[in-house]
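Structure, as C-alpha cells:
The values are calculated or read from the model by the stated rules, or taken from the named source; none is laboratory data. It should be emphasised that the depicted structure is a prediction, and the values quoted were computed from it without experimental measurement. Note that we place each Cβ from the backbone using ideal geometry, even for glycine, and neighbour counts take in every protein chain shown.
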Amino acid sequence: MSTIASPRKKFGINERIRFVGKPLVFTLALVPLVLIVLRVFGIVGDLGANPVEELLDHFGNWGLRFLLITLSVTPLRHIIGKPWPLRFRRMLGLFAFFYVVLHFSTYIWLDQGFALGAIIEDIIKRPFITLGLVSVLILLALALTSPHAARRRLGKRWQKLHYLIYPAAILTVWHFWWQVKKDIAEPLIYAVILALLLGFRMVHRQRAKRK
C-alpha cells in the first residue's frame, strides 16, 4: 500500500531572513556595545587615561558607522538587483540611533553631569555640539516614526520625513569633522563614503527619470 508523503514547507528567502539573517545582524550589531562593556569592567583591556572621552568616541563612531551602513542598503539592493537587503534597513537605522543616543547620554551624564547650564553654554559656544544635537533630534524623529503603524498613519508624508536621514548623516560627519580639528583623516574617510553613497543615489534617480 502506497503512502502519501506530507509536504515539507519550503525554507525560502523570507524564512532565512527572519530566522537566520535578522538574528545574526542583531547579534553582530550588539558586538560594539559588548566590547566596550568588557573594557569598562577591565575584562578586555581598559578605557585608558580618559575613559569618558573613550566612551564618547566609541559610541559616536559606531553611531556614524551604522548610519552609513543603513544608507548603503539601497545602493546594495540596486547593485545586486534583489530587494531583500531592504528587510534589514529599519533594524540598522535603529541601531544607528541606539549608538547615537549612547553617545549623547555619555555627554550629558558622564561629561557634563546633567548640568543644564553648562550643556546649554556648550551648545551655544561650540558649533560642533550644535550640529550633533540637531542630528540627534532628527534621528529621534525617524526612530519614533519607524514602526509600521506610524508609517501607515503618515502615509506619503512618511517617506518625505525619512529623507531626513540624509541631512542627519551629513550633520553627523560634519560634527565629527569639527570635533577632531586637526587630525581629519578618519572623518575624511567617512565623508568620502557618505559622498559616494549620496552620489550613487543621485545618479540612480537621474537614470530612473530618463527611463
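Please specify each residue of the stretch 166-179 satisfying the condition of being of a type in the set (Val, Ile, Thr) and in contact with a helix residue (DSSP H, G or I) (Cβ under 6 Å, 6 or more places away or on another chain).
Within the stretch 166-179, Thr172, Val173 qualify.
Would you mind finding the one in Trp158, Trp109, Trp177 that is in contact with a Lys or Arg (Cβ under 6 Å, 6 or more places away or on another chain) and without any contact (Cβ under 8 Å) to a residue 60 or more places away in the chain?
Numbers: Trp109 fails: in contact with a Lys or Arg (Cβ under 6 Å, 6 or more places away or on another chain); Trp177 fails: in contact with a Lys or Arg (Cβ under 6 Å, 6 or more places away or on another chain).
The unique qualifying residue is Trp158.
Among the residues of the stretch 138-166, how many are of a type outside the set (Gly, Ala, Ser), surrounded by 13 or more Cβ atoms within 10 Å (Cβ to Cβ) and in a helix (DSSP H, G or I)?
Selection size over the stretch 138-166: 11.
When you check Ile138 against the structure, is it closer than 21 Å to Met91 by Cβ, touching a residue at least 12 places away in the same chain (Cβ under 8 Å) and of a type outside the set (D, E, K, R), yes or no?
For Ile138, the condition - closer than 21 Å to Met91 by Cβ, touching a residue at least 12 places away in the same chain (Cβ under 8 Å) and of a type outside the set (D, E, K, R) - is met.
I'd like to know if the stretch 180-193 contains one or more residues that are touching a residue at least 40 places away in the same chain (Cβ under 8 Å), closer than 21 Å to Arg87 by Cα and surrounded by 14 or more Cβ atoms within 10 Å (Cβ to Cβ).
Within the stretch 180-193, none of the residues are touching a residue at least 40 places away in the same chain (Cβ under 8 Å), closer than 21 Å to Arg87 by Cα and surrounded by 14 or more Cβ atoms within 10 Å (Cβ to Cβ).
Which one is farthest from Leu71 (Cα to Cα) among residues in the stretch 93-127 that are among the charged types (D, E, K, R) and in a helix (DSSP H, G or I)?
Restricting attention to the stretch 93-127, the residues satisfying the condition of being among the charged types (D, E, K, R) are 111, 121-122, 125-126.
Then drop every residue that is not in a helix (DSSP H, G or I), which leaves 111, 121-122, 125.
Working: Asp111: 30, Glu121: 33, Asp122: 30, Lys125: 31 Å.
Taking the candidates together, the pick is Glu121.
Return only the number of the condition from (1) within 18 Å of Thr70 (Cα to Cα); (2) at pLDDT 95 or above; (3) not hydrophobic (A, V, I, L, M, F, W, C) that Lys160 does not satisfy.
Against the list (1) within 18 Å of Thr70 (Cα to Cα); (2) at pLDDT 95 or above; (3) not hydrophobic (A, V, I, L, M, F, W, C), Lys160 comes up short only on (2).
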